[in-house]
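A short write-up of the structure that comes next.
The values are calculated or read from the model by the stated rules, or taken from the named source; none is laboratory data. Since the structure is predicted, the reported quantities are computational estimates derived from the model, not experimental observations. All Cβ positions, even for glycine, are placed from backbone atoms using ideal geometry, and neighbour counts span all protein chains on display. Just so you know, the surface numbers come from the protein's heavy atoms only, side chains and all, with ligands and any DNA or RNA stripped out. Shrake-Rupley method; radii C 1.70, N 1.55, O 1.52, S 1.80 Å.
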There are 2 protein chains.
Amino acid sequence: MGTSEWSKSEKEVARQAFTMAYDRECKSIEEELRKRVTDLQNPEGLWAIHDYLTEIRREIDKKYDYRYSVLPFIFARLLHEGWIKREDLMGLSEDKIEAITSISTLSAEE
Amino acid sequence: MGTSEWSKSEKEVARQAFTMAYDRECKSIEEELRKRVTDLQNPEGLWAIHDYLTEIRREIDKKYDYRYSVLPFIFARLLHEGWIKREDLMGLSEDKIEAITSISTLSAEE
């Protein structure tokens, strides 16, 4: 099966990897939020926390785009950023994994 | 001096009471934020905190409008909500204090 078609089992693997990455990234935002709230000292700091959440939420909404047409790029980015590992993609076709890891490696060399 | 004119010393009292109320209210938002962050369990909760801050910031921005033309109404509301006390307005003219506390009492009876 090529990179443009996804079997039922591939879709399950993809959904699981996607959700795992999303949960991990949200967890790290949660940790950053806890840190910022601990360090909070004045109203300016309060609104700075709101600005931080507004910005990061916009990024997360843009990044986690679950459409099969763009999923290889999403996974490549998530792999590059460390939110998923190669093992999390096991079950996808070899050519998908190959394509995803190739792009991911290219990004890493930039 | 009537309710529409503010002497230099009245402006100082007003600024101080205004800032005090703002700081107190922000402090209470900060406490609510700390509580919500402590109870945080999943990504939905994270974005619910962002929604809370977006909403409350909009309210605060609307409420804390430092223009002398509207300041008596602002102070009446702050008094009614408990962010300032009558004593915090000491130094304003008697008719201003009278007008502010009258409106504040009316609101309380609603």
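Shape summary: chain A maps onto an equivalent ellipsoid whose semi-axes, from the alpha-carbon gyration tensor, are 33, 13, 12 Å in decreasing order.
Our compactness index for the protein assembly as shown, the C-alpha radius of gyration over the empirical 2.2 N^0.38 Å, is 1.55. Rounded to the nearest 0.05, the FRET efficiency derived from the C-beta distance between B:Met90 and B:Arg34 at R0 = 35 Å is 0.60.
Distances from B:Met90 to itself in the other copies, using label points 7 Å out along the Cα-Cβ axis, amount to 7.5 nm in increasing order.
The order of A:Ser104, A:Ser9 by accessible area, most exposed first and with a 1.4 Å probe, is A:Ser9, A:Ser104. In chain B, the DSSP-assigned H stretches of four residues or longer account for a calculated mean residue ellipticity at 222 nm of -24500 deg cm²/dmol, using -39500 (n - 2.57) per stretch and the full residue count as denominator. The alpha carbons of segment A:1-62 give a radius of gyration and a Dmax of 17.3, 56 Å, in that order. Along chain B, counting only trypsin sites (Lys or Arg not before Pro) with a DSSP assignment other than H, G, I, E or B and at most 13 other Cβ atoms inside a 10 Å radius, the longest segment between sites is B:1-66. Measuring against 31 Å, Cα to Cα, the residue pairs A:Lys63/B:Lys63; A:Lys35/A:Lys62; A:Lys62/B:Lys63; A:Lys27/B:Lys85; A:Lys62/B:Lys27 contain A:Lys63/B:Lys63; A:Lys62/B:Lys63; A:Lys27/B:Lys85; A:Lys62/B:Lys27 as the ones spanning a longer distance. Summary of the geometry: segment A:65-83 and segment B:36-60, compared by the centres of their Cα atoms, lie 27 Å apart.
Here each label is just a point 7 Å from Cα along the line to Cβ, and for A:Glu59 and B:Met20 those points are 4.1 nm apart.
Rounded to the nearest Hz, the phi-derived 3J(HN,Hα) couplings of segment A:74-85 under the Karplus curve 6.51 cos²θ - 1.76 cosθ + 1.60 (θ = phi - 60°) are 4, 5, 4, 5, 5, 5, 4, 7, x, 7, 10, 10, where x marks glycine and proline. Inter-copy label distances at B:Lys35, shortest first and taken from points set 7 Å along Cα to Cβ: 2.7 nm. Nearest-to-axis residue in chain A, judged by Cβ distance to the rotation axis that brings A onto B and given in whole Å, is A:Val37, 3.
Working from label points 7 Å from Cα in the Cα-to-Cβ sense, the A:Ser4 to B:Trp47 distance is 3.1 nm.
Taking the label point 7 Å along Cα→Cβ, B:Leu106 and its counterparts in the other copies are spaced 6.9 nm apart, in ascending order.
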